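Data block below; observations after.
The values are calculated or read from the model by the stated rules, or taken from the named source; none is laboratory data. Predicted, not measured: the structure shown is a model, and the values here were computed from it. Here the Cβ positions follow ideal geometry from the backbone for every residue, glycine too, while neighbour counts run over all protein chains shown. Remember, those area values only see protein heavy atoms, side chains included, never the ligands or the DNA or RNA. Shrake-Rupley method; radii C 1.70, N 1.55, O 1.52, S 1.80 Å.
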Amino acid sequence: MKLLYFAWVRERVGLAEEEAEAPAGVGTVAELIDWLRGRGPEYEHAFEAGPAIRAAIDKRHARPDAPIAGAREIAFFPPMTGG
């Protein structure tokens, strides 16, 4: 699947996008974030906000417990504030 990173998540990871295959046992957005955090210090830093990081699966907002099976694209972005 394609992983997309936006705003300060992108800056901290050092990539705008990448192709990755989550290992067996990683079935939700939250589990994917946990797995990504273990990929290195840049990912740990990017995802240190844990549940505050927002995700979209195939361009639709997704909750942390959303399944990722069959996803073609998962995007991660920091929480947004409005004004």
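For residues that are in a loop (DSSP other than H, G, I, E, B) and either in contact (Cβ under 8 Å) with a residue 60 or more places away in the chain or among the acidic types (Asp, Glu) (or both), scanning just the stretch 1-59, find the one that is farthest from Ile74 (Cα to Cα).
Result: Glu48.
Total residues in the stretch 1-19 satisfying the condition of being modelled with pLDDT of 95 or more and among the small types (Gly, Ala, Ser): the figure is 2.
For the structure I just gave you, tell me whether Arg72 is over 14 Å from Tyr5 (Cβ atoms) and modelled with pLDDT of 95 or more.
Working: over 14 Å from Tyr5 (Cβ atoms): yes; modelled with pLDDT of 95 or more: yes.
In short, yes.
Inside the stretch 32-49, residues that are open to solvent by less than 10 Å² (accessible area, probe 1.4 Å) and among the small types (Gly, Ala, Ser) make up a count of 1.
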